[in-house]
Every structure is written in structure tokens, then in C-alpha cells.
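What follows is a single structure, written as C-alpha cells, with notes after it.
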Amino acid sequence: MSYKKAELFDISNGAVREKVKYEAEKVMANIADDNTSSKAPRRIQVTYIFKPKTEERREVDLKVEIKTTLAPVKNVDNTLYLTQSDDTGTLALFENNINEQEFDFQEEKTGNVKTIGIIKKA
């Protein structure tokens, strides 16, 4: 009877190789994602854990852990404005400061000089 040496990636009918390929696809998608850092490293760590099953050490349990580290999604930063109604005391958050006066900017072209006028909203 002839025996074939086990290749570590091909153990369990190629399941390790298949899982590493799957994780590599996740890494590639993470690298291509504009919402992640272009400088952050990504990792695929394959750990083989061998544990003798008996005192005779003729059988060995094998556990394969595959851990992927991806770049996190970038934070979204914003400033919100808190206001409280005078009559009910209700608190609310707004993206725009409702206490600031709004201005429209109208541009006039006079030759090579640009004049910007401020028109107050009614």
C-alpha cells in the first residue's frame, strides 16, 4: 500500500486552500474599497494546531484557524447643532446651524474683475 504525504493546504480535501482563497477575496475587496485606508495593512493568518490524541502519539488532532484582519471603514465626521425650542423645551439636532443667518452670493462680472455681492434672504 502506498501512502501520500499530506500537504498542509490540501488537508481535508482542499478545505484550507478554499478558505484561504475566500479570505483573500475579502482582502482584495477591502483594499479596493474607497471607504478604507489605502495605507492600512491587511492580513491572512493561517495557524495549524497539532495535538496528540493519545499517549502513544500515533494519532494527531489537527485544527486550522484562519484569521483575517481587514482595514476598518473610515470614520464619518460631522458637526451637529443642538437647539431647544423656547415654548416646549424640546431638544433637536440639526446638520446646519439654524441660528446663523443665511446669505445668497451673487457674482457680477465686470471686465476681468469679479465682484461678489451679498443679498439677504427675506
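Read-outs: derived from the displayed coordinates by stated rules, not from any lab. Being a predicted model, the structure only gives us computed values, none of them experimental. Glycine also receives a Cβ, built like all others from the backbone with ideal geometry; neighbour counts cover every protein chain displayed.
Of note:
- Ranked by the mean number of other Cβ atoms within 10 Å of their residues, highest first, the peptides 17-30, 55-68 come out as 17-30, 55-68.
- Look at Thr90, Thr69 and count the other Cβ atoms within 10 Å of each Cβ; fewest to most, that gives Thr90, Thr69.
- Estimated at 0.36 nm per residue, the fully extended path between Ser85 and Gln45 surpasses their Cα-Cα distance by 8.9 nm.
- Residue order, fewest to most beta carbons within 10 Å, for Ser85, Ser12: Ser85, Ser12
- Applying a threshold of 18 Å to the alpha-carbon distances of Lys19/Lys67; Lys21/Lys53; Lys39/Lys74; Lys19/Lys63 flags Lys21/Lys53 as lying beyond it.
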